[in-house]
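K.L.:
Take this structure first; my questions come after.
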Amino acid sequence: MTKRPNSRRLSAEETFWGWVLVTPTILGLILFKVGPVLASLALSFTDYDIISPPKWAGTSNFTMLVRDKYWIKSVGVTLNYIFLFIPLSLTIAYGIALLMSQNVRGISIYRTMWYLPSLVPGVASAVVWRWALNPNFGPINYPLKMMGVPAPGWLTDPNWIIPAVVLIQLWALGSGVLIFLAAIKGVPITYYEAAEVDGASTLVKFWNITLPMTSSVIFFQLVITVIGSFQVFGVAYILFSGQTTSDPAGPGNSALFYVLYLYRNAFGYFKNGYASAMAWILFMVVMLLTLILFQLQKKWVFYETAGAD
Amino acid sequence: MRKQNTLSKLATTIVLAGGGLIMTLPFFWLISSSLKAPSKIYVFPPQFIPNPIRWQNYVEVFNAVPVFLYARNTFIITFFATIGTLLSSVLAGYAFARLRFKGRDAIFSVLIATLMLPFVVTMIPIYIMFSKIGWVNTLLPLIVPAFFGEAFFIFLLRQFFRTIPVELEDAARIDGAGRIRILFQIMVPLARPSIVVVAILSALENWNAFMQPLMYLTKRNVWTLALGMNSLQRFETGRDWTHYLMVLGVFMVIPVIITYFIAQRELIEGIVMTGMKT
């Protein structure tokens, strides 16, 4: 009588309801994912301003991009941001999670304090940080000025714009903390006990138990953060985009993030073919990077279930 | 050994509490600025307790800015998009978890692959499609797609449905219950915690949304709170309404904080679930 699910034959009833329940999702996939991705690829070979029909442009959009100094700028800004943000956000979130796993008192209060900012709407966050980072009136430069240290012009000096955006985005790292915390707490205590019997120090335990046992979650967070970091838009638009799309995005276009420039091309200059070409390049880069990360993970990510299954 | 322990505990507490205070400082400042005159907001040294306290900001803002209109639009989008996400994701999540049919795994793989797809890749064709059918400057482009499933939430619900024992379903089927009844009378109540998670995450996402409303809503009468704030912070009125901007900020943040405190447990569990995709 004990039927294993795998041995059941496909029933007409399951097939019928399966397709019925999945139909909205399939439609959504076609209408909002697969269809638009293909359309976007096709558009990238045209000039299209929506009003007049698309004109075939061959590969000119792509060859123009490589010579477009704003595009090159936007790539530079985005890469700069990524190299600063990813290591900082992962190590800080992991570090805070490690501290939170230490059974200190009042943990739920700390968790709330660290997590709440990640729920704040981007506009509200940008508005608050515009003040916090204000070179003259903000509380971040306040102690520096008191000590007579030259305070950075966070939102006005081109060299400080990206660190400023990194800081703003770091404010929302709370969900990473919660995810790492759960992973760290999920490490079986018996492993630590066994190591203590062998006289392992705190550092050895961290390096040989905690880190490998949470590496799959670290890897997953890394992938998510990489994909997300390429797509910064809201903060850059709100704080630096100026009144019109012909204004520079921040002093010397120092906040011209990739997606901001793409958005300007599509909705400011109505160059939808050009913007689509940009989108596809981004897509390819993100896909390639994800594939590389998945290849590299075999070298450093430890999966507990291997062999135990 | 013990001394070192208390010392490291103290250090831990200092970092967590100190850092935590810095993290919460912007909230206090938002509230404090919403009670100031505009000329008192950007001053040095920073003034944390408003002097004088301008309670009237919270009254005047309604004359200066169409708050009710923006709030209503934001609420309509959030409410219907969340309903749509829940409905479509529960149906698909159940089907992917429990019903076996040809092609199921292929469709599911495509669905999961779309999680990697940057939004900007699909943004332009979707915008063109909605503009051709005249939906620009309506709330529809922000609501209707939600009824067609969202990969991440489908995945989340599928994982949860799979943990519910099949025997419960089999028993109901022997009693002659149909699929839809099984889904809504047995599975949905059992999956309540994860459905709550999806509802909260989806509602927050829609409440906080910026980029899509910015694309589709160019006329003031369809603006959301986020767009209203964006316009104020650009001084589009030509006047210094920073204090009203802060009041709007408070209005946007308060529902989020209330949601957090009501559903803290579910929300944290949900966040953790989102990070443990295996």
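K.L.:
For segment B:97-131, give me each residue that is farther than 30 Å from A:Ala12 by Cβ and not aliphatic (A, V, I, L, M). Reasoning before the result, please.
P.N.:
We begin by selecting, within segment B:97-131, every residue farther than 30 Å from A:Ala12 by Cβ; these are B:115-131.
Selection gives B:Pro118, B:Phe119, B:Thr122, B:Pro125, B:Tyr127, B:Phe130, B:Ser131.
K.L.:
Next question. Only residues that are within 13 Å of chain B (Cβ to nearest Cβ) and acidic (Asp, Glu): list them for segment A:185-242, please.
P.N.:
A:Glu196
K.L.:
Every residue in segment B:68-80 that is touching a residue at least 24 places away in the same chain (Cβ under 8 Å), within 9 Å of B:Thr224 (Cα to Cα) and surrounded by fewer than 21 Cβ atoms within 10 Å (Cβ to Cβ), please.
P.N.:
B:Leu69, B:Ala71
K.L.:
Step by step: first the residues of segment A:111-138, then only those that are at the interface with chain B (Cβ under 7 Å from one of its Cβ atoms) and polar (S, T, N, Q), then the one that is surrounded by the fewest Cβ atoms within 10 Å (Cβ to Cβ). Which residue is that?
P.N.:
Checked segment A:111-138; the qualifying residue surrounded by the fewest Cβ atoms within 10 Å (Cβ to Cβ) is A:Asn136.
K.L.:
Considering every residue within segment B:93-109, establish whether at least one is modelled with pLDDT of 95 or more and under 21 Å from the mean Cα position of the chain (by Cα).
P.N.:
Checked against the condition, which is being modelled with pLDDT of 95 or more and under 21 Å from the mean Cα position of the chain (by Cα), segment B:93-109 yields at least one hit.
K.L.:
Anything in segment B:30-45 that is under 18 Å from B:Ile254 (Cα atoms), at the interface with chain A (Cβ under 7 Å from one of its Cβ atoms) and either out of contact with any helix residue (DSSP H, G or I) (no Cβ under 8 Å at 6 or more places or on another chain) or surrounded by fewer than 20 Cβ atoms within 10 Å (Cβ to Cβ) (or both)? List them, or say none.
P.N.:
Answer for segment B:30-45, where residues must be under 18 Å from B:Ile254 (Cα atoms), at the interface with chain A (Cβ under 7 Å from one of its Cβ atoms) and either out of contact with any helix residue (DSSP H, G or I) (no Cβ under 8 Å at 6 or more places or on another chain) or surrounded by fewer than 20 Cβ atoms within 10 Å (Cβ to Cβ) (or both): there is none.
K.L.:
In segment B:161-179, what residues are modelled with pLDDT under 90, in a helix (DSSP H, G or I) and of a type outside the set (Asp, Glu)?
P.N.:
B:Val166, B:Leu168, B:Ala171, B:Ala172, B:Arg173, B:Ile174, B:Arg179
K.L.:
For segment A:254-270: of the residues being within 10 Å of chain B (Cβ to nearest Cβ) and aromatic (Phe, Trp, Tyr), which is farthest from A:Tyr70 (Cα to Cα)?
P.N.:
A:Phe267
K.L.:
From the set of residues in segment B:220-260 that are assigned to a loop (DSSP other than H, G, I, E, B) and modelled with pLDDT of 95 or more, which is farthest from the other protein chains (Cβ to nearest Cβ)?
P.N.:
So the residue we want is B:Trp223.
K.L.:
Among B:Lys102, B:Lys40, which is the only one that is of a type in the set (Lys, Arg) and touching a Leu at 6+ places or on another chain (Cβ under 9 Å)?
P.N.:
Of the residues listed, the single one that is of a type in the set (Lys, Arg) and touching a Leu at 6+ places or on another chain (Cβ under 9 Å) is B:Lys102.
K.L.:
Still on this model: Where the second residue is hydroxyl-bearing (Ser, Thr, Tyr) and the first is free of Cβ contacts under 8 Å to residues at least 24 places away in the same chain and lies in segment B:116-139, which pairs have Cβ atoms under 7 Å and are six or more apart or on separate chains?
P.N.:
B:Met116/A:Thr290; B:Val121/A:Ser40; B:Thr122/A:Ser40; B:Ile124/A:Ser40; B:Ile124/A:Ser276; B:Pro125/A:Ser40
K.L.:
Residues of segment A:80-110 being more than 9 Å from every other protein chain (Cβ to nearest Cβ), farther than 19 Å from A:Phe230 by Cα and of a type in the set (Gly, Ala, Ser), which ones?
P.N.:
A:Ala93, A:Ala97, A:Ser101
K.L.:
May I ask you to list the residues in segment B:86-126 that are more than 7 Å from chain A (Cβ to nearest Cβ), touching a helix residue (DSSP H, G or I) at 6+ places or on another chain (Cβ under 6 Å) and either hydroxyl-bearing (Ser, Thr, Tyr) or not in a helix (DSSP H, G or I) (or both)?
P.N.:
Hit for segment B:86-126 is B:Ser89, nothing else.
K.L.:
Residues to consider are A:Gly273, A:Gly250; find the one that is touching a strand residue (DSSP E or B) at 6+ places or on another chain (Cβ under 8 Å), in contact (Cβ under 8 Å) with a residue 40 or more places away in the chain, small (Gly, Ala, Ser) and within 18 Å of A:Trp71 (Cβ to Cβ). Spell out the reasoning first.
P.N.:
Numbers: A:Gly250 fails: touching a strand residue (DSSP E or B) at 6+ places or on another chain (Cβ under 8 Å).
Unique residue meeting the criteria: A:Gly273.
K.L.:
Counting only residues that are surrounded by fewer than 14 Cβ atoms within 10 Å (Cβ to Cβ) and hydroxyl-bearing (Ser, Thr, Tyr), how many does segment B:236-278 have?
P.N.:
Qualifying residue count, segment B:236-278: 2.
K.L.:
Select from segment A:14-30 the residues that are within 7 Å of chain B (Cβ to nearest Cβ) and over 34 Å from the mean Cα position of the chain (by Cα) and list them in ascending order.
P.N.:
A:Glu14, A:Thr15, A:Trp17
K.L.:
Okay, next question. So, in segment A:31-79, how many residues would count as being on the phi > 0 side of the Ramachandran plot and more than 14 Å from chain B (Cβ to nearest Cβ)?
P.N.:
Of all residues in segment A:31-79, those on the phi > 0 side of the Ramachandran plot come to A:50, A:58.
Imposing the further condition that a residue be more than 14 Å from chain B (Cβ to nearest Cβ) reduces the set to A:58.
Qualifying residue count for the region: 1.
K.L.:
Oh, and also: Identify, from the list A:Leu88, A:Leu116, A:Leu65, A:Leu43, the residue that is in contact (Cβ under 8 Å) with a residue 60 or more places away in the chain and within 20 Å of the chain's Cα centre (by Cα).
P.N.:
Only one candidate passes the filter, namely A:Leu88.
K.L.:
Give, as residue ranges, the helices (runs of 4 or more DSSP H) completely inside segment A:95-163 that count at least 3 residues that are within 28 Å of B:Thr13 (Cα to Cα) and among the hydroxyl-bearing types (Ser, Thr, Tyr). Talk me through it step by step, then tell me what you get.
P.N.:
Numbers: elements: A:107-115, A:122-132, A:141-146.
Those helices (runs of 4 or more DSSP H) span A:107-115.
K.L.:
Moving on. Read through the list (1) among the hydrophobic types (A, V, I, L, M, F, W, C); (2) outside any helix (DSSP H, G or I); (3) in contact (Cβ under 8 Å) with a residue 24 or more places away in the chain, then give the number of the only condition that A:Ile179 fails.
P.N.:
Among (1) among the hydrophobic types (A, V, I, L, M, F, W, C); (2) outside any helix (DSSP H, G or I); (3) in contact (Cβ under 8 Å) with a residue 24 or more places away in the chain, the lone unmet condition for A:Ile179 is (2).
The values are calculated or read from the model by the stated rules, or taken from the named source; none is laboratory data. Given the structure is predicted, the values throughout are model-derived calculations rather than measurements. Glycine gets a Cβ as well: all are built from the backbone with ideal geometry, and neighbour counts include every protein chain shown.
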